[in-house]
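Asks: Pasting a structure here, questions to come.
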Amino acid sequence: MTIPESIREGVEEALAFYPELLNTAIDFVFKDKIKHSYMQAQPRWYGMFQGKKKRRYIIKVSSFFDLSSGDVPVEQLPREILVGWIGHELGHILDYVDRSAFGMMGFGISYVTSKKKMIEAENRSDIIAIKHGLGDYILSCKEYVLESGLFSKEYRNRIHERYMSPEEVVEWIEATSGVVSTK
């Protein structure tokens, strides 16, 4: 597992919620630009057919978040936002680990060709994160993106359209834990 030092603490905090990923090969890599996103989880294509246990994954992390106040380095995001965002991406990885190579390819094709399948995948990742105890972090991320005014209207609209709302996150937190914890 490779983790850039500047985000190591946040990544390790998020990983602590996923003990089943402890021996999973995940590389966290900074990218200057990620199309339509700030983070992205996917399998490394060159290892797809070596078997599930040998598969490697990559979580691309945008080096800078383009906020209304200017470009903000990812390591300057509030801790709970970084942990929540990474936790969401780890939810994707957990969703991938039991898929066959052909299952992953089919998933990838449906993700990019079907808005409905993309929304299902993003919701599934949030639900996985919530069920692993990251509900408050996921909620903080949703509120940060949708309500802070720091992100472009275009990006907020895309998040509103394709991801769970803060209210839906609260419903899932309540359904999985019975109580919404406060920070």
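The values are calculated or read from the model by the stated rules, or taken from the named source; none is laboratory data. Because the structure is predicted, anything quoted here is derived from the model rather than measured. Quick reminder, even Gly has a Cβ in these numbers, built from the backbone with ideal geometry, and neighbours come from all protein chains shown. Please note that ligands, DNA and RNA were not included when accessible areas were found on the heavy atoms of the full protein model with its side chains. Shrake-Rupley method; radii C 1.70, N 1.55, O 1.52, S 1.80 Å.
Asks: Using the charge dipole of the stretch 1-137 (Lys, Arg: +1 at Cβ; Asp, Glu: -1 at Cβ; taken about the Cα centre), state which of Tyr111, Thr24, Ser63 has its Cα farthest towards the positive end.
Replies: The Cα lying farthest towards the positive end belongs to Tyr111.
Asks: If you don't mind, there's one more thing I want to ask. What per residue convex hull volume, in Å³, comes out for the chain when only alpha-carbon positions are used?
Replies: 116
Asks: Given a 1.4 angstrom probe, I'd like the percentage of the accessible area of the chain that is carbon and sulfur, rounded to a whole number.
Replies: 52
Asks: Moving on. Please report, for the Cα atoms of the stretch 41-96, the Rg to one decimal and the Dmax as a whole number; what are they, in angstrom?
Replies: Taking only Cα atoms of the stretch 41-96, I get Rg and Dmax of 14.3, 45 Å.
Asks: Write down the accessible area per residue of the chain in Å², having rolled a 1.4 Å probe over the full set of protein chains.
Replies: Result: 53 Å² per residue.
Asks: Could you state the angle between the C-alpha long axis of helix 135-147 and the longest principal axis of the C-alpha atoms of the chain, as a value from 0 to 90 degrees rounded to the nearest 10?
Replies: The angle comes out at about 60 degrees.
Asks: Pull out a ≥ b ≥ c, the square roots of the eigenvalues of the alpha-carbon gyration tensor of the stretch 70-127, then state rounded if a/c is under 1.5, prolate if not and a/b is larger than b/c, and oblate in the remaining case.
Replies: It is prolate, given that a/c is not under 1.5 and a/b is the larger ratio.
Asks: Taking Cα atoms, how many degrees apart are the long axis of helix 79-96 and the longest axis of the chain, rounded to 10 and kept between 0 and 90?
Replies: Computed tilt is about 30 degrees.
Asks: A further question on this structure: Using alpha carbons only, how many degrees (0 to 90, rounded to 10) separate the axis of helix 115-129 from the longest principal axis of the chain?
Replies: Once rounded, one gets 80 degrees.
Asks: Using just the helices of the chain, give the 222 nm mean residue ellipticity in deg cm²/dmol: DSSP H runs with n ≥ 4 each add -39,500 (n - 2.57), and the total is spread over all residues, rounded to 500.
Replies: Taking each H run of at least 4 residues, the total per residue is -15500 deg cm²/dmol.
Asks: State to the nearest 20 debye the size of the charge dipole of the stretch 126-177 about its Cα centre, where the only charges are +1 on K and R beta carbons and -1 on D and E beta carbons.
Replies: 240
Asks: Pairs Lys54/Lys115; Lys52/Lys117; Lys33/Lys53; Lys115/Lys153; Lys35/Lys142: which exceed 26 Å Cα-Cα?
Replies: Violating the 26 Å limit, Cα to Cα: Lys54/Lys115; Lys33/Lys53.
Asks: Charges at C-beta only: +1 for Lys and Arg, -1 for Asp and Glu. How large is the resulting dipole of the chain about its Cα centre, in Debye rounded to 20?
Replies: That gives the chain a dipole magnitude of about 980 debye.
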